[in-house]
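Note sheet for the following structure.
What follows is calculated from the coordinates using simple rules that are stated; it is not laboratory data. Since the model is a prediction, treat every value here as computed from it, not as a measurement.
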Amino acid sequence: MVRRLNAPYFGKRYIGSSETKILHDMDQESAKCRIDSIARKDIQMFEWLSIPVEMGYKACQYCMADFRRERIPK
């Protein structure tokens, strides 16, 4: 997939749901990620991994499988 440039995404690489604490990689987005189902009020966008990791986000099993296996670096 391609990064989304419109609001609330603004071309950032990582999107997280503040409700589920699941983090997605927009460069590896899969239909299974169901990003469109994240409520707009719950969307949090990140450019780097360190911030969502510190906030307790977990990597999506579909678009961030490599990070799940290796553990997200801090």
Setting aside same-chain residues fewer than 8 positions from residue 58, which aspartates and glutamates have a Cα under 13 Å from its Cα? 19, 25, 66, 70
Can you give the three extents of the C-alpha atoms in region 14-70 along their principal axes, from longest to shortest, in whole Å? 30, 26, 18
